[in-house]
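Asks: My structure is below; once you've seen it, I'll send some questions.
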């Protein structure tokens, strides 16, 4: 197997154009619907908090309105897998597994990190100017992206990587499950989290072993954050690898 059979730029760009062409209408409708929802939620929130809104208000609103759709969109990757005919069309497309995977990653995972903040910025500005036009005495601040970066670098990275990990789980679930992938992924991850919570409850409440986890006792506070960040990075890579091999498995079967 030569490198050209694994990845060919010309073939990859053709697949990317095909993906945009076939999903152009749905993508435009999705962005439009997202914009309307953002605008209405932000406008309502601004009028409800027009004299008390501060940076914390914008930060909360931003993360709720960007993280939620990010997970939903990534959880609906590999959309052609939802039907038998679509699955056949996708798997028989003249492209390698890696090329198909990268296209899905770019359009259903990475693009969300660009589109949702951009839509939020535009709708937040529009809602702000409407609020000031109707209520000139409102004291709410104008949204700026630098509101989001008042934490330390490591804390900001931790949040970003937590979101990226949750989104990667949704993306991998879409590759693994044929129908209702997001619901099945949430159920699976929820089961794992419940088991962990039960384990911690038994350790700390039932057995009264009130000690720090063994892997943290060798680290100070900042080193613990670096450890968690490294663990998240490794977990994200593992999840993406799992998604790729599930796609490859479907191609073989």
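The values are calculated or read from the model by the stated rules, or taken from the named source; none is laboratory data. Keep in mind that what you see is a predicted model, and the values were worked out from it rather than measured. Positions of Cβ are generated from backbone atoms using ideal geometry, with glycine treated the same way; all protein chains shown enter the neighbour counts.
Asks: For region 158-189, name all the residues that are at pLDDT below 85, closer than 19 Å to residue 228 by Cα and crowded, with 16+ Cβ neighbours inside 10 Å.
Replies: 158
Asks: I've got another one for you. Which of (1) surrounded by 14 or more Cβ atoms within 10 Å (Cβ to Cβ); (2) over 14 Å from residue 100 (Cβ atoms); (3) at pLDDT 85 or above is the odd one out, the single condition residue 11 does not satisfy?
Replies: (2)
Asks: Right, next: Inside region 68-97, can you point out the residues that are over 21 Å from the mean Cα position of the chain (by Cα), touching a residue at least 60 places away in the same chain (Cβ under 8 Å) and under 16 Å from residue 176 (Cα atoms)?
Replies: Answer for region 68-97, where residues must be over 21 Å from the mean Cα position of the chain (by Cα), touching a residue at least 60 places away in the same chain (Cβ under 8 Å) and under 16 Å from residue 176 (Cα atoms): 87, 91, 97.
Asks: Right, something else. Please identify the pairs in which a residue from region 141-152 that is more than 8 Å from residue 58 (Cβ to Cβ) has its Cβ atom under 7 Å from the Cβ atom of a residue that is outside any helix (DSSP H, G or I) and modelled with pLDDT of 80 or more, counting only partners at least 6 apart or on another chain.
Replies: Within 7 Å, no pair qualifies.
Asks: Only residues that are over 17 Å from residue 237 (Cβ atoms) and in contact with a helix residue (DSSP H, G or I) (Cβ under 6 Å, 6 or more places away or on another chain): list them for region 159-177, please. Spell out how you get there, then give the answer.
Replies: Looking only at region 159-177, we keep the residues that are over 17 Å from residue 237 (Cβ atoms), and these are 159, 174, 177.
Correct list: 174, 177.
Asks: Right, another one. Please work out if residue 137 is farther than 16 Å from residue 54 by Cβ, loosely packed, with under 13 Cβ neighbours inside 10 Å and either free of Cβ contacts under 8 Å to residues at least 40 places away in the same chain or over 21 Å from the mean Cα position of the chain (by Cα) (or both).
Replies: Judged against the criteria, residue 137 is a match.
Asks: Please enumerate the residues belonging to region 119-138 that are at pLDDT 90 or above and out of contact with any helix residue (DSSP H, G or I) (no Cβ under 8 Å at 6 or more places or on another chain).
Replies: If the condition is that a residue be at pLDDT 90 or above and out of contact with any helix residue (DSSP H, G or I) (no Cβ under 8 Å at 6 or more places or on another chain), then 125, 129, 133 are the ones that fit.
Asks: Something else: Taking the options 107, 123, name whichever one is crowded, with 16+ Cβ neighbours inside 10 Å, under 25 Å from the mean Cα position of the chain (by Cα), within 22 Å of residue 60 (Cα to Cα) and in contact (Cβ under 8 Å) with a residue 60 or more places away in the chain.
Replies: 123
Asks: While we're here: Just checking, which of 65, 28, 34, 15 is farther than 18 Å from residue 117 by Cβ, within 20 Å of the chain's Cα centre (by Cα) and either assigned to a helix (DSSP H, G or I) or free of Cβ contacts under 8 Å to residues at least 12 places away in the same chain (or both)?
Replies: Result: 28 is the single residue among 65, 28, 34, 15 that is farther than 18 Å from residue 117 by Cβ, within 20 Å of the chain's Cα centre (by Cα) and either assigned to a helix (DSSP H, G or I) or free of Cβ contacts under 8 Å to residues at least 12 places away in the same chain (or both).
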